[in-house]
1. With +1 on the Cβ of every Lys and Arg and -1 on the Cβ of every Asp and Glu, and nothing else charged, how large is the dipole of region 61-108 about its Cα centre, in debye rounded to the nearest 20?
2. Top to bottom by accessible area (1.4 Å), largest first, where do GLU87, GLU131 land?
3. May I ask you to order 50-56, 99-105 by the average number of other C-beta atoms within 10 Å around their residues, highest value first?
Amino acid sequence: MHVDKTAEIRWYVPSPRSLALTLGAGLLLALTAVGAPVVRATMPSAPIEMTLESAGVVAVDVDLTVTLTVRPLVDAERMVLGITLPEGVDLVAGETAWTGAVRAQESRVLSVTVRPRHRAFSVIQGAARIEFPDGTVLGDVRSMSLPLGERSKQTLGVSPPKKTTTGESVIEFRDAP
């Protein structure tokens with residue numbers, strides 16, 4: 001900006017460069033307000049349907065059957081299934097991994113019998129992935145908790161929802177002291 005010193009009242013007149021910047025910023029704001037196209041990228045989802053279920057009572061030293069069922073939506077030369085057991089959960093019977101070729105809509109079942117040994121919160125995971133000839137790998141994971149003990153010694157302090165001036169609900173999270 002520069003100052004016009006020839007007049008009695010001093011006016012601030014924008015320089016040509018600052019005027020161009022101001023107009024450019026205004027145009028950018030106008031475009032975003034009107035709804036300029038937004039580009040978003042998402043990860044492709046795995047072309048599989050899967051469930052991880054248990055049958056039996058979840059208790060220490062009691063056998064529990066865990067079943068991973070996977071149905072691919074495409075033919076695959078190589079599909080890998082796996083059940084991951086946490087520390088303190090013993091495998092009693094069954095296999096925790098399978099690899100092979102599958103046809104679309106052909107279900108594969110991986111079933112194991114496990115025995116929890118400790119009174120501790122733990123998580124069993126079931127995973128499936130399809131590997132394509134071009135090197136692409138798509139997969140999915142399911143988790144199942146075994147609520148045999150406390151989840152954690154540290155809990156989050158969650159206050160009740162608060163309303164904003166516009167009426168929206170807001171939840172605040174704070175770490176426990």
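The values are calculated or read from the model by the stated rules, or taken from the named source; none is laboratory data. Computed from a predicted structure; not experimentally measured. Methodologically, a virtual Cβ is constructed for each residue, glycine included, from the backbone with ideal geometry; neighbour enumeration extends over all protein chains shown. Accessible surface areas use protein heavy atoms only, side chains included; no ligands, DNA or RNA. Shrake-Rupley method; radii C 1.70, N 1.55, O 1.52, S 1.80 Å.
1. Numbers: 4 positive and 8 negative charges, 75 e Å.
Charge dipole of region 61-108: 360 debye, to the nearest 20.
2. Most to least solvent-accessible, the answer reads GLU87, GLU131.
3. Working: 50-56: 14.6, 99-105: 11.9.
Going by the mean number of other Cβ atoms within 10 Å, highest first, we get 50-56, 99-105.
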